[in-house]
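The values are calculated or read from the model by the stated rules, or taken from the named source; none is laboratory data. None of these values were measured; they are calculated from a predicted model. Virtual Cβ from ideal backbone geometry, glycine too; neighbours counted across all protein chains shown.
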Amino acid sequence: MSQAQNPRTIAARAIFYVVFRGRQLNRVLNHALDQAKSEDRGIVTELTYGVVRWFWLLEHQLNQLLARPLRRKDQDVLCLLCVGLYQLKFMRIPQYACVSETVDATVELGKPWARGLVNAVLRQFLSCEDQFKSNGLTDDCRFSHPRWIVDLIKQEWPESWEEILRANNCRPKMTLRLNMNKTSVSEYLDILKESQILASVDQTSPVALQLAKRISVENLPGFSNGVVSIQSSASQLAALSMELAPGQRVLDACSAPGGKLVHMLEIEPKLDEIFAIDIDQARTTEIVDNLSRVQNDVQVITADAARPDEWWDGKPFDRILVDAPCSALGVVSKHPDIKHHRKPADIDRVVEQQRYLLEGLLPLLNRNGKLLYTTCSILARENDGQIEAVLRNHPNISIDPLPPSLGHQTRFGRQRLQDDTGGDGFYYARLKNQ
Amino acid sequence: MAILNILVYPDPKLRRVAEPVADFNLEIRDIVNDMAETMYAAPGIGLASIQVGIPHSIIVIDVSDDHNDLKVLINPQVIDSDGEQIVEEGCLSFPGYFAEVKRAEWIRFRAQDVQGEPYETEAEGLFAVCVQHEIDHLSGKLFTDYLSRLKRQRVTKQFQKAARQRQRDMARRVG
C-alpha cells in the first residue's frame, strides 16, 4: 500500500536525486509524480524545477540561516528547506501554509527530528526577510549558476551575460509547431480558442504558436495525427533553413529524437531518400516513435554518423543536417539540471565530437550540396570556432549566408541568445560544397 | 539485497492467490529483505509478495514516521474486526492513483514471523488499513475492487491505456 505524499516531500526527494545524485530531472520527475495526487502534480513540478533552477541562491541564503551546516546524510533535509524557501520567495502561497506544510513534510521524508529546524529556519527568514534582498550577493548566487559557468558566459558575452543568466532562470513557454500541410496558423488558433487554450503567434518562427500555459500533449487537438508538434521556435528554424526541394537525398546525422526530421518531412514530402542516424540505440527508437505520427519511408539507422564506412551506400547527399551534440548552454531554462551536471571537461569532449562529425560528414556532400550545422550552444568554440576550422581544412567548402531572421550575424553563421520568453540560445551555419 | 520489480495493474499476475509458506528457509529471509528494500525505495508503507510476482503469503509493512518499524506477516489471517474507517489509499501496483476505501477500524490478526514463529496481535488506524489492504493482495483482491462501478471503470481504462502504451514502446525497442 502507498499513500499520497505531501507534494513538498515528493519535490524534496526529487531535487535530492537531481542535485546530489546526478540523476536527470525529467526522468526523476516522471517517477516522482506517481506518488502525488493528480491535483498536486502541478505544484510538485513547479517546486522541483524552481529549486533546481534557484539552488545556488537558496542554498547560500539557507547557509546564512543555519547555525551550522547540515550533515551529508541530511542533504534531503537541505532540499526540503530549499523547497520551503523557494515557496516563500517565488510563489504566491500564504506564508503560514508554506511553513506548516513544509514542516509536516519532514515526517514523510523520514526525518521527523527536523520539524523544529525547518520551522525555525523558515520563520527566521520571514522575520528578517529584508536582509535577504539580492544586494551584496556574488554573481553565482544572484543568478544561481555554478561559478565556472558564470565566468565562462561573462568571458564569451561581456555585454549580454546578465541577460543570458537571467533568461536561463525563466520558466520556458510551451511552443507548438504547426504542420502546414494540415492546418494554418489562423485555423489552428481558432481550434485552440474553441478548446479554450490561450495561444499567441510566435515572433521567431512563421509556423509556431506559443501557449500561455503548459498543457499535457493529450489535450492538444491534433497532436496524435501530426497536425501539431512540440518544438521550440529556434529548433524549427533549422529545418526551415535546409532549402529542401523534391528529389533531394537528405541526411539527418544526429537525428534523435527526430523533431527536426519530422519537420523536414512536413516541409518537403517529396524528398527522394532520407537517412536518419543516431549513435544511441535507445534514442533511435525515439525517432521511430516520432515518425509514427507521419507518413514516411525514412531509413533509421543506429550508427556513428561520422564513420560512413559503417552505414553509407556511397551515394552523396544534397542536404545534410548536423544538429551536433553540444554543451546545451542555450537551453538551460528548459533543462535547469544542466547547471548541476555539466562539467568543464564536458565542453572539451563535445567540441571534439563536433569536429569529428563535421570532418566525417563533409565528404558525403554532393556537388552544390549544403550542410546545415546547428547547436543549442552559445559558446564560440562550439559554433564559429568549428566552422573556422572546417573552412581552413576544406578549400572546396564555403559559407552559404543565412537570413537575419535566424539571429545576429557572427563571423560565419547566425547566433540567437536565450531570452526571457523562453526562446532557446541556438547557432546555425550553412556550408556549401562547390 | 535487491530492489524487485513491482507488477503494475492490469498485470494478470496480480489476481493470483498466494500459497501458504510451509518451509521457513533462508530463501524466505532473502525474499523478505528484498521486499522491504523494494517497499522503502518505492516509497510505500506496505507490500505483498503477489505484487512482486512471488506466489507465497508474505507481507512487509512499515507505517512508522521514521521508517524503522518493519513488520513481517507470513501466512496472515484476520480473526476479528470492528468499527469502520475511511482512508485514502494508494497502491504500488496503481502508481499515481489514490482513492478512499472503507475498512474496519480495528482488527485482530494471526501471522508468522520470518523464523516461522506464530504470533497474534491487534491493529488499528492506518496499520489496520494497511494490513487489510495487503492481505487482500494475497487472495488476488485489489483496493479498486471496493470502488463504485464508475470510478473502477475509469481507473481500469486509465491503466489499460498506459499498459498498451508501454507495450508499444517495448515492441519498438525490440524491433
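Here are the numbers for this structure:
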quantity	calculated
Residue, modelled with the lowest pLDDT, within the stretch A:84-107, restricted to residues that are closer than 17 Å to B:D65 by Cβ and surrounded by fewer than 21 Cβ atoms within 10 Å (Cβ to Cβ)	A:V107
Subset of the stretch B:88-108 [crowded, with 16+ Cβ neighbours inside 10 Å, within 16 Å of the chain's Cα centre (by Cα) and not in a loop (DSSP other than H, G, I, E, B)]	B:E89, B:G90, B:F98, B:A99, B:V101, B:R103
Candidate set from the stretch A:283-305 (those that are closer than 13 Å to A:L265 by Cα and assigned to a loop (DSSP other than H, G, I, E, B)); member that is nearest to the other protein chains (Cβ to nearest Cβ)	A:S292
Pairs, first more than 14 Å from chain A (Cβ to nearest Cβ) in the stretch B:149-169, second in a helix (DSSP H, G or I) and not basic (K, R), C-beta under 6 Å, six or more apart	B:R152/B:T144
Test for A:R349: is it in contact (Cβ under 8 Å) with a residue 12 or more places away in the chain, surrounded by fewer than 21 Cβ atoms within 10 Å (Cβ to Cβ), of a type outside the set (A, V, I, L, M, F, W, C) and in a helix (DSSP H, G or I)	no
Failed item, numbered, when A:R68 is tested on (1) modelled with pLDDT of 95 or more; (2) more than 30 Å from B:A128 (Cβ to Cβ); (3) surrounded by fewer than 23 Cβ atoms within 10 Å (Cβ to Cβ); (4) not hydrophobic (A, V, I, L, M, F, W, C)	(1)
Complete set of residues in the stretch A:25-45 that are without any contact (Cβ under 8 Å) to a residue 12 or more places away in the chain, in a helix (DSSP H, G or I) and facing another protein chain (nearest Cβ under 8 Å)	A:S38
Residue match in the stretch A:204-217 (condition: without any contact (Cβ under 8 Å) to a residue 24 or more places away in the chain and under 20 Å from A:R293 (Cα atoms))	yes
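Here is a yes/no grid of residues against (1) at the interface with another protein chain (Cβ under 9 Å from one of its Cβ atoms); (2) under 28 Å from A:R41 (Cβ atoms); (3) touching a strand residue (DSSP E or B) at 6+ places or on another chain (Cβ under 8 Å):
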{"residue": "B:G44", "(1), (2), (3)": "yes, yes, yes"}
{"residue": "B:G53", "(1), (2), (3)": "no, no, no"}
{"residue": "B:D62", "(1), (2), (3)": "no, yes, yes"}
{"residue": "B:N68", "(1), (2), (3)": "yes, no, no"}
{"residue": "B:D80", "(1), (2), (3)": "no, no, yes"}
